[in-house]
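Read the structure below first, then the notes.
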Amino acid sequence: MCGTGVPAMNLAQSLLAALRDHGAREIFGIPGDFALPLFKEIESSGVLPLYTLSHEPSVGFAADAAARLHCSLGVAAVTYGAGALNMTNAVAAAYAEKTPLVVLSGAPGQHESRTGLLLHHQAKTLDSQALIYREITCDQVRLDDARQAPALIARALASCRRESRPVYIEVPRDMVGAPCAAVVPLPPQAHDAEALAACVAEILARLAAAERPVMMVGVEVRRHGLEDKVAALARRLRLPVVTSLLGRGLLANSDAPLAGTYLGAAGTPEIAGLVEESDALLLIGVIVSDTNFGVSRERIDLRQTIMALDGRVTLGYHTYPEIPLAALIDALLARAAQSARVCAVTPPAYPHGLAADDSPVVPRDIAIAINDLMSAHGRMPIAADVGDCLFTAMEIENTDLVAPGYYATMGYGVPAGLGVQAATGRRPLILAGDGAFGMTGMELGHCARYGWDPIVVVFNNAGWEMLRTFEPAAAFCNLGEWNFAEIAQALGGAGVRVRTRRELRDALAAAHGRRGRFQLIEVMLARGAISPTLARFVAGAKRLSAGARHCFPLPRGEGLRVREVDSPRVQNHVETQ
């Protein structure tokens, strides 16, 4: 407050300062008329840097990737209706994969909403957009009262960080300049210390009694910035560690006893056996989804696991609610003694040594060539799209990776790579198929404005190859042979098309040596040429669809009824039908 008692900031400035204070580092956006006052304030205030792109889904993907790598809030700013509604797929992906994304949407002013006229960009009612976003965000606020705005902003941002999911903040354009007090952050989420102590004691007892305990880590570990602590816990308890598919890239910079990534039938038998034969599988922040567990050649009984996810811990048939993951890890570290257990973990062996000859490139060659490149020059963060480029990434040395591994939306890779470089300053490697690149590849045209210079590898097989593995005779899986390498020059980058292993090796080396503009390598692949990991995944999925037995019962399974016991902090599954 200033000396006269009038707030020293306007509403937009208060909002931007709160975003910064809650961990946001940049804003990605596309302006529109209902959002112009907000964008003008973002630009003139300089509180957070603003990066504009060409298509709203790309804005959402870039902000999502930035949030993933700096373990804090990502921010996507758009206009009402045509802008915000165009970004719903990216926000849905962030919700599914637990990314703390803040959606800032401009909106009609209050006087406009009272004219009785339909407004441009309006779908059904003026509230339609907010109602749609209610389904894919964990909190929604409309800042139409400057006196209430600080409390609403604080609530929304606390929800975003606590639940690690998107929130929606609507800013009417006539409220941007309204005087507004500063936002006071809410205190951290409270938890029951006795319930936490009981939960930790039970987890440690279960692990100590087990003969084959295993830790699996997932996305919440990265979202809450817990990688170092989780690595320390694994070392203290001497637990072998695997990541889920969606958690790939976790612990890449730690000395945790990491065995690799669990992919069920799509992975290696060694890691599948390690997980599926465990008598105490500790899941930390792992989303229980089909991509993480679905293609499994053996049954994983989740009733026998320890699951820490979504602010609760489930052991067998009972649940400790309201146990924040960060508090759980801190308490485990405080209580756990150094284990005497022998933890013999064989680090995963990734392929190296590309035979640089004139043989046609297959996807595994791309992984080998990238491994050779990173062995020579250091690891790079990777942004991968969905499809065989993601499965190929499973054979690349463990490094920071962002990818839509669960929601599996196409078009993520290129804008995510731009978000990675904006957020971290590190040069990323982008992997995308030709179908996905056709959706968002033009965003590379913004690299020159911002000084970004990613290396982009396009897997071009003139089709949606992953889909063709399931429907090989279908013409609808075919695409034309577009020459993406030639487009690169027009967008301010450099492009080359390669067909042989020798050309691939040389192109990667040349791309790495050139800085200052993006480098695009278009790898021409024969139809039917897929990675070994994708081949295993497809085989497993086909067995399941043909009726092969596949189940991993959830704790709240059929034949069980839930009863609340006396303690409000513990739910027990004790009554059978």
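Nothing in this text is a laboratory measurement; each read-out follows from the coordinates by a stated rule. All of these numbers come straight from a predicted model, not from anything done at the bench. Note that we place each Cβ from the backbone using ideal geometry, even for glycine, and neighbour counts take in every protein chain shown.
Between the stretch 127-193 and the stretch 458-507, the alpha-carbon centres lie 43 Å apart. Given the stretch 139-193 reduced to its alpha-carbon atoms as identical point scatterers, what log10 I(q)/I(0) does the Debye formula return at q = 0.28 Å⁻¹? For the stretch 139-193 at q = 0.28 Å⁻¹, log10 I(q)/I(0) is -1.14.
Which FRET efficiency value, to the nearest 0.05, do you get for Arg499 and Glu194 by plugging their Cβ-Cβ distance into 1/(1 + (r/R0)^6) with R0 = 56 Å?
0.30
By DSSP, the beta bridges lying fully in the chain are antiparallel in about 25 percent of cases. Largest first, the extents of the alpha carbon coordinates of the stretch 241-393 on the three principal axes equal 59, 31, 29 Å. Legend: calculated FRET efficiency, Asp301 to Arg236, from the Cβ-Cβ distance at R0 = 25 Å, rounded to 0.05, equals 0.40.
Calculated mean residue ellipticity at 222 nm for the chain: -10500 deg cm²/dmol, from DSSP H runs with n ≥ 4 weighted as -39500 (n - 2.57), summed, divided by the residue count and rounded to 500.
Estimated at 0.36 nm per residue, the fully extended path between Lys542 and Val342 surpasses their Cα-Cα distance by 68.2 nm.
Between amide H atoms placed 1.01 Å from N, distances below 5 Å from Gly260 occur with Thr243, all of them 5 or more places distant or on a separate chain. Packing around the peptides 193-199, 245-251, 28-34, taken as the average count of other Cβ atoms within 10 Å per residue, puts them in this order, highest first: 245-251, 28-34, 193-199. Taking the convex hull of the alpha carbon positions in the chain and averaging its projected area over all directions gives 29.5 nm². Extending 7 Å from Cα along the Cβ direction at Asp279 and again at Glu202 yields two label points whose distance is 2.0 nm. Extension gain, Asp506 to Glu481, is 6.7 nm, computed as 0.36 nm per intervening residue step minus the present C-alpha separation.
Both the radius of gyration and Dmax for the stretch 9-180 are 14.3, 45 Å, in that order, over alpha-carbon atoms.
For the pair Ala526 and Asp330, what calculated FRET efficiency results from E = 1/(1 + (r/R0)^6), where r is the Cβ-Cβ distance and R0 = 41 Å, to the nearest 0.05? Working from the Cβ atoms, E equals 0.20.
Extension gain, Leu36-Thr424: 0.36 nm per intervening residue step, less the Cα-Cα distance, totals 136.9 nm.
For the stretch 1-105, what is the convex hull volume of the alpha-carbon atoms per residue, in Å³? For the stretch 1-105, the hull spanned by Cα atoms encloses 98 Å³ per residue. Modelled label positions at Ser128 and Glu471, each set 7 Å beyond Cα in the direction of Cβ, lie 3.0 nm from each other.
The mean of 1/r over all distinct Cα pairs in the stretch 363-534, once inverted, gives the Kirkwood hydrodynamic radius of 15.7 Å. Phi angles across the stretch 169-178 convert, under the Karplus curve 6.51 cos²θ - 1.76 cosθ + 1.60 with θ = phi - 60°, into 3J(HN,Hα) values of 10, 9, 10, x, 5, 8, 9, 4, x, 5 Hz, Gly and Pro given as x. Taking label positions 7 Å along the Cα-Cβ direction at both Arg147 and Glu211, the computed distance is 6.9 nm, reported to one decimal. Per-residue Karplus couplings for the stretch 131-143, computed as 6.51 cos²θ - 1.76 cosθ + 1.60 with θ equal to phi - 60°, are listed in order as 5, 5, 5, 4, 6, 10, 9, 8, 7, 9, 9, 10, 8 Hz, Gly and Pro entered as x.
In a shell of Cβ-Cβ distance under 11 Å around Asn371, excluding Asn371 itself, what net charge do Lys and Arg (+1) and Asp and Glu (-1) give? That sum, taken over residues with Cβ under 11 Å, equals -2.
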